[in-house]
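Only the coordinates and a few stated rules stand behind these numbers; no lab work does. All values reported here derive from a predicted model rather than from experimental measurement. Neighbour counts are summed over all protein chains in view; Cβ atoms, including those assigned to glycine, are modelled from backbone coordinates with ideal geometry.
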Amino acid sequence: MASAAAAAVINYPLVSGLLGFAIAQSCKFFTTWYKENRWDARQFIASGGMPSSHSATVTALAVSIGIQEGLRSATFATALIFALVVMHDAFGVRLHAGKQAEVLNQIVYELPVDHPLAETKPLREILGHTVPQVVAGCILGILMAIVMRLALGSS
């Protein structure tokens with residue numbers, strides 16, 4: 001009985017989304033350690049990389065709302081559209097902005113040392129995601145929503 005009361009207090013979509021984000025960011029942290037043999041705590045909050053934490057978060061949110069309120073609810077429709085916009089932005093606008101930053105950084109590196117912009121701080125180049133990174137985040141989000149529903153029960 002106590003677990004049913006606790007599950008009723010927990011906001012299932014919120015917890016699913018936050019855990020999806022945390023797991024995706026943790027994957028990036030451990031992937032960096034595995035690939036580069038170094039610990040980089042910035043990976044817990046960094047954007048870009050595999051899997052997309054943005055995609056995991058919004059997908060977990062949308063799927064858990066769909067499970068909780070039904071696929072015909074206005075809240076699910078809103079969450080789904082929000083998720084699609086975020087994922088499109090991740091592999092579209094943000095990915096291309098990162099590629100432009102890479103080109104701009106190369107231009108600045110090639111400036112003569114006496115040029116006023118030669119000391120400009122480099123722009124961040126890893127801003128967006130590739131399609132596989134977004135898909136991996138989406139799959140993680142779906143799994144997180146399902147696992148959380150099973151863990152919390154059907155209250």
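Could you list THR78, THR59 so that the one with the fewest beta carbons within 10 Å of its beta carbon is first and the one with the most is last?
On the way: THR78 12, THR59 30.
Fewest to most other Cβ atoms nearby, the residues stand as THR78, THR59.
Hey, rough spin-label estimate for PHE82 and ASP114, points 7 angstrom out along Cα→Cβ, what's it come to in nanometres?
Once both label points are built, they end up 5.6 nm from each other.
Quick one: order TRP33, TRP39 by neighbouring beta-carbon count within 10 Å, fewest to most.
Working: TRP33 13, TRP39 10.
With the fewest neighbours first, TRP33, TRP39 line up as TRP39, TRP33.
Fewest to most neighbouring Cβ within 10 Å: what's the order for MET50, MET87?
Numbers: MET50 16, MET87 22.
Fewest-to-most Cβ neighbours within 10 Å comes out as MET50, MET87.
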